[in-house]
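We did not get these values from a lab; they are worked out from the coordinates using the rules stated. In this text the structure is predicted, and so the values were computed from the model without any measurement. Cβ atoms come from the backbone with ideal geometry, glycine included; neighbour counts cover every protein chain shown.
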Amino acid sequence: MVYIITHKKCNFPTNTEEFAVIQAGAENNEDLGYLRDNVGDNISGLNPYFCELTGMYWIWKNVEADYIGICHYRRFFAEGKQIVNELKLRDALADYDLVLPKLDHFAVSVYKQYEYSGEHNISDLDMAIKCVSEKYPDYSDILNEVMIKRAFYPYNMMYMRKSLYHQYCEWLFTILFELMKQIPYTEYTGQKKRVFGYLSERLLLVWIRKNKLKVKELNVVNTETKVTIKEKIFRRANSYLATYLGIDLREQK
């Protein structure tokens with residue numbers, strides 16, 4: 001099953017037999033009429049800080065399915081502009097371990113991008129690096145390599161077999177729950193509040209590299225087709241900087 005994680009009422013351009021909609025952050029918001037992430041074993045109340053991860057956690061703890069997919073209310077896996085159905089996603093697993101969005105490329109390292117974005121506290125990423133090194137010391141070398149690379153997998157979108165999804169969630173949430181003891185997230189405002197969602201995006205590639213997983217990359221289509229002025233400025237600045245430094249962003253892995 002592919003789960004569409006949303007926090008608001010939407011018109012989904014999908015076949016309801018292939019997709020299920022789950023309301024993230026349902027604990028503190030009105031019922032939208034979808035599956036809710038505040039039943040059973042859940043962390044729904046942490047949604048302001050974990051974003052779509054509260055939905056991912058709910059799926060991990062409460063869903064029995066052979067395959068697990070995650071997309072968003074406005075972002076879907078696609079070929080060209082055509083949304084990919086679950087059958088095609090499942091077919092990809094004949095040759096790959098999981099399906100992810102294409103790598104997001106930057107003119108600076110993953111570490112520096114987090115520091116320079118203006119939406120994060122670099123001390124949080126420093127704590128995440130330290131936490132991984134302490135809890136999973138065999139990941140340290142790959143973690144350091146990823147931090148100096150210029151790309152990571154964005155959006156927390158994925159499709160994989162249940163067993164692999166459970167392995168990933170066990171690893172990821174062990175790290176994030178430990179970080180909750182160290183990061184003063186309840187004091188954050190604006191985009192900084194979404195700290196654990198942002199950190200998880202930077203950690204996914206670490207887990208993939210360490211476990212030597214084979215990734216099928218797909219385009220992502222945004223059905224709302226809205227790009228903020230801030231996003232436009234960032235993307236343009238990133239492109240200009242790459243040109244100035246003589247970097248081909250498409251080659252950054």
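Data overview
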quantity	calculated
Charge dipole (debye, nearest 20) of the chain; +1 at Cβ of Lys and Arg, -1 at Cβ of Asp and Glu	740
Spherically averaged projected area of the stretch 93-176 from its Cα convex hull (nm²)	6.2
Estimated FRET transfer efficiency when R0 is 30 angstrom, pair Leu87-Asp138 (beta carbons, to 0.05)	0.25
Extension gain from Lys214 to Glu187, taking 0.36 nm per residue of separation minus the Cα-Cα distance	5.8 nm
Centre separation in Å (Cα based) which lies between the stretch 116-148 and the stretch 2-39	32
Packing rank of 179-187, 161-169, where each peptide gets the mean count of other beta carbons within 10 Å, highest leading	161-169, 179-187
Solvent-free Debye scattering, log10 I(q)/I(0), computed from the Cα coordinates of the stretch 3-126 at q = 0.11, 0.13, 0.16, 0.23 Å⁻¹	-0.48, -0.67, -0.95, -1.27
Chain lengthening between Lys130 and Ser117 when straightened (0.36 nm per residue, less Cα-Cα)	2.6 nm
Overall dimensions of the chain as given by Cα atoms, namely Rg and Dmax in Å	17.7, 52
